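The values are calculated or read from the model by the stated rules, or taken from the named source; none is laboratory data. Since the model is a prediction, treat every value here as computed from it, not as a measurement. Heads up, the Cβs are rebuilt from the backbone with ideal geometry, glycines too, and the neighbour counts pull from every protein chain shown.
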Amino acid sequence: MAKTYDAIVIGAGVNGCSIAYNLARRGLKTLILDKGEVCSQASGQNGGGVRQSARDPREMPLAMYSVKLFENLSEELGLNVEYKQGGNLRLCVTPAQEESMRAAVDKQSQAFGLPVEYLDNEAVREINPYVSDIVLGASYCPTDGHANPMLVTYAFLRKARSLGAELRTGETVREIRLSKRHVSGVVTDKDTYSSKIVVNAAGIGGRKVANMVGLDFPMTPVFTEILVTEAREPLFPQMIGTAASDFYGHQTEHGSFVWGGFIGYDTFLYDDRGKSERRPNYPEVAPAICRAVLRFFPFLQDVNVTRIWSGLIAQVADKVPVLGPVSDVPGYVSATGFSGHGFGISPAVGRVISQAALGETPDVDISAFASDRFRPVN
């Protein structure tokens with residue numbers, strides 16, 4: 001006889017665990033399934049940015065809501081997630097970037113009331129004296145920040161389990177069962193479970209899971225790489241990015257720097273190595289990231305890299321996630337395709353997806369993220 005749950009979450013990444021926590025705190029008997037381990041894909045392979053600035057306008061309300069939730073998250077979950085609201089600098093080095101950045105800052109400030117401004121080189125160096133003279137200016141959002149992705153994920157999971165949620169790893173979902181097009185449960189390679197709510201938070205496996213209920217959307221695995229340096233004394237608190245988006249990073253609470261990005265992949269971004277969900281580091285990428293970082297922060301040239309890891313990001317064609325229920329398949333809820341910036345909105349995603357799964361009006365409107373945006377228009 002199938003084991004029965006109120007809700008099943010497929011995927012034990014940061015958003016899956018956030019959703020499970022929010023379902024469990026509402027009193028739902030919740031099961032989390034993952035074919036791998038907790039935080040083993042993009043959630044454990046990102047730079048930890050908690051960013052509102054330079055977001056797609058559709059994501060901005062979620063990002064701003066998440067910042068409010070991050071402020072008390074360590075206390076709420078009972079674990080220090082190393083959240084620091086140290087601001088975000090996105091650096092420009094060409095007049096064209098400067099012009100584009102000024103326009104983006106004005107748009108975000110006026111449309112959303114975001115506290116973001118454009119700073120010239122002198123003003124940037126007052127905030128961060130370590131930047132190179134090549135920097136013409138930067139956008140600066142003081143309410144942006146960063147946190148530890150592993151700690152956030154495990155904090156959500158630990159709290160969810162304390163509220164009765166169950167976790168099964170190393171278990172692959174083979175089928176989402178439907179009864180008259182309504183979700184009725186899940187079949188894995190090890191067991192069968194009954195539930196009237198199934199949340200697809202499967203990350204790079206999200207498209208395959210969606211296919212199980214007859215849905216599809218354009219999503220591609222994209223490679224990213226992260227490197228960590230040896231620790232230094234505290235130097236600056238900001239999250240760092242660039243107008244060209246060639247790298248990003250910050251200094252952690254423990255003094256090491258975490259830098260990541262896509263620079264260096266060039267034409268093999270989607271080559272056949274992407275067929276594997278776990279892959280070795282590309283030898284070309286870490287040196288390219290280092291060169292980019294040193295262009296902006298030359299004082300780091302004597303700091304050694306101690307670790308490198310890589311992973312895959314589930315990137316949707318329009319680079320924003322697929323979120324929310326699907327009217328054609330009652331009980332199925334999507335929370336996947338975060339396109340490399342899902343960590344920073346994970347507290348809000350957990351809140352609004354749990355609300356949507358229960359048929360409630362979410363705190364933030366997520367209609368712009370519906371999967372039917374990719375359906376052909378007749």
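Can you spot a residue in segment 324-333 that is in contact with a His (Cβ under 8 Å, 6 or more places away or on another chain), buried (at least 18 other Cβ atoms within 10 Å of the Cβ) and more than 30 Å from Y130 (Cβ to Cβ)?
Yes, that holds for at least one residue.
Taking N22, is it assigned to a helix (DSSP H, G or I), over 12 Å from the mean Cα position of the chain (by Cα) and not hydroxyl-bearing (S, T, Y)?
Yes.
Test each condition in (1) buried (at least 22 other Cβ atoms within 10 Å of the Cβ); (2) touching a Pro at 6+ places or on another chain (Cβ under 6 Å); (3) at pLDDT 95 or above for A147 and report the one that comes out false.
(2)
Give the residue, chosen from E37, E98, that is assigned by TED's automatic domain parsing to the domain that holds V186, among the charged types (D, E, K, R) and either surrounded by fewer than 21 Cβ atoms within 10 Å (Cβ to Cβ) or within 14 Å of the chain's Cα centre (by Cα) (or both).
From the options E37, E98, the qualifying one is E37.
Determine which single condition H250 fails, assuming it passes every other condition in (1) free of Cβ contacts under 8 Å to residues at least 60 places away in the same chain; (2) within 28 Å of V93 (Cα to Cα).
Going through the list (1) free of Cβ contacts under 8 Å to residues at least 60 places away in the same chain; (2) within 28 Å of V93 (Cα to Cα), H250 breaks only (1).
Counting just the residues of segment 185-213 that are hydrophobic (A, V, I, L, M, F, W, C) and not in a strand (DSSP E or B), which one comes out modelled with the lowest pLDDT?
Out of the qualifying residues, it is I204.
I'm trying to understand the selection: among the residues of segment 332-356, which are polar (S, T, N, Q) and either within 20 Å of G260 (Cα to Cα) or part of a helix (DSSP H, G or I) (or both)?
The answer is S339, S346, S354, Q355.
Among the residues of segment 231-245, is any of a type in the set (D, E) and at pLDDT below 95?
Checked against the condition, which is being of a type in the set (D, E) and at pLDDT below 95, segment 231-245 yields no hits at all.
Could you give me the residue pairs with C-beta distances under 7 Å whose first residue belongs to segment 64-79 and is free of Cβ contacts under 8 Å to residues at least 12 places away in the same chain, whose second residue is of a type in the set (K, R) and part of a loop (DSSP other than H, G, I, E, B) wherever it lies, and which are 6+ apart or on separate chains?
Going by the 7 Å Cβ cut-off, there are no qualifying pairs.
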